[in-house]
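The values are calculated or read from the model by the stated rules, or taken from the named source; none is laboratory data. These numbers come from a predicted model, not from an experiment. Positions of Cβ are backbone-derived with ideal geometry, glycine not excepted, and every protein chain shown enters the neighbour counts.
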């Protein structure tokens with residue numbers, strides 16, 4: 001047997017650096033004790049070119065709901081077969097349930113392919129939203145090195161509800177995987193919130209975040225007041241996006257002033273009547289009539305989907321001034337290429353953080369970044385979310401630690 005090579009005894013400082021650099025990513029955990037669910041979002045970056053239908057199948061969601069959440073025009077010809085480019089950042093709408101006392105999405109399943117590993121599935125395919133250990137535990141896998149081709153795996157994706165509110169205002173929460181270029185201040189600026197709010201929601205002791213951490217980001221929303229017996233009860237739509245409901249017949253958006261505005265969807269489907277009773281107004285129509293006392297406003301609104309019927313409500317009010325046209329988020333064509341503004345990192349550039357205006361509508365289809373560098377997801381990247389509670393992590397980045405380590409070794413090695 002060949003003699004063992006001598007072992008280099010590293011100083012305690014170096015061991016500490018290795019320990020800090022390998023800190024397990026944080027993840028926001030919301031305990032729960034009931035069967036209630038809510039609408040939630042996942043911030044996701046495509047790991048390869050995918051058709052809309054393929055991406056929807058990856059998360060077991062309706063492709064129309066996927067497109068609507070990102071303000072992509074669902075009436076685009078053959079939109080479900082459109083190929084979305086790799087590295088495109090999208091919001092994935094999911095149902096957040098209570099599973100084993102923790103909020104998570106338990107409806108996603110993945111069918112394994114040749115050469116798949118749990119790490120590859122977690123880090124590359126699902127972009128670090130889940131860890132290999134979490135998939136292993138959810139599927140009671142004894143030997144993770146042995147995966148059968150075609151095996152169906154439960155993928156426990158992170159999500160939060162927090163009663164659908166943030167500081168007592170309606171909100172939908174998005175799970176976002178932190179990238180190395182992100183800062184908490186930048187994420188807060190992009191999503192129209194504050195670092196204090198993000199620290200409170202995610203139980204952070206300070207503003208330090210690390211590559212691979214999973215943050216719950218509250219997005220301001222418009223909440224419905226549909227009756228409990230409506231199939232779309234508790235519908236909440238994030239600002240800047242859309243929701244499709246009533247069997248693809250109704251399209252709702254969040255307009256300025258946090259008002260939910262619903263109108264017929266731009267799809268060729270068979271729908272029940274959308275005309276308000278005792279009126280010639282259709283869903284979404286508004287009439288105004290100026291008078292000496294103010295402006296008489298009559299509108300035909302949406303009241304929920306009940307037993308296959310679209311409920312419409314006719315309302316009249318006297319307002320000081322006549323309202324202008326509804327300001328709904330602009331619809332866009334499905335993206336074909338990814339520009340720097342469509343990369344996964346939402347952190348604005350330093351100049352934007354310094355007070356310059358940030359372009360785009362709140363919650364637009366893809367968060368912008370001031371960096372022109374695009375980092376592809378790595379199969380050997382961060383392990384995803386941790387199943388434990390949030391922990392305080394050193395504010396030093398992994399990059400900085402690596403530089404310190406290299407410099408130290410260059411100095412020390414000649415004397416060993």
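What the table below lists for this structure:
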| quantity | calculated |
| --- | --- |
| Criterion: over 24 Å from residue 105 (Cα atoms), outside the structural domain of residue 262 (by TED's automatic domain parsing) and under 19 Å from the mean Cα position of the chain (by Cα) - qualifying residue of 160, 165, 193 | 193 |
| Every pair of residues 6+ apart whose Cβ atoms lie under 6 Å, when the first sits in the range 309-324 and is touching a residue at least 40 places away in the same chain (Cβ under 8 Å) while the second is in a strand (DSSP E or B) and surrounded by 13 or more Cβ atoms within 10 Å (Cβ to Cβ) | 311/303; 311/304 |
| Residue count, the range 118-151 (criterion: surrounded by fewer than 16 Cβ atoms within 10 Å (Cβ to Cβ) and either at positive phi or modelled with pLDDT of 95 or more (or both)) | 2 |
| Yes/no for residue 91 being assigned by TED's automatic domain parsing to the domain that holds residue 53 and in a strand (DSSP E or B) | yes |
| Any hit, the range 268-282, residues being without any contact (Cβ under 8 Å) to a residue 12 or more places away in the chain, surrounded by fewer than 21 Cβ atoms within 10 Å (Cβ to Cβ) and within 27 Å of residue 70 (Cα to Cα) | yes |
| Residue among 65, 55, 84 that alone is under 17 Å from residue 332 (Cα atoms) and either surrounded by fewer than 16 Cβ atoms within 10 Å (Cβ to Cβ) or in contact with a helix residue (DSSP H, G or I) (Cβ under 7 Å, 6 or more places away or on another chain) (or both) | 84 |
| Wholly enclosed strands (runs of 3 or more DSSP E) of the range 159-250 bearing at least 1 residues in contact with a strand residue (DSSP E or B) (Cβ under 6 Å, 6 or more places away or on another chain), without any contact (Cβ under 8 Å) to a residue 12 or more places away in the chain and surrounded by 24 or more Cβ atoms within 10 Å (Cβ to Cβ) | none |
| Test: residue in the range 252-267 that is farther than 30 Å from residue 190 by Cα, modelled with pLDDT of 95 or more, in contact with a strand residue (DSSP E or B) (Cβ under 6 Å, 6 or more places away or on another chain) and not assigned by TED's automatic domain parsing to the domain that holds residue 132 | no |
| Residue, farthest from residue 252 (Cα to Cα), within the range 288-312, restricted to residues that are within 32 Å of the chain's Cα centre (by Cα) and exposed (fewer than 15 other Cβ atoms within 10 Å of the Cβ) | 307 |
| Any hit, the range 143-152, residues being in a strand (DSSP E or B) and not assigned by TED's automatic domain parsing to the domain that holds residue 234 | yes |
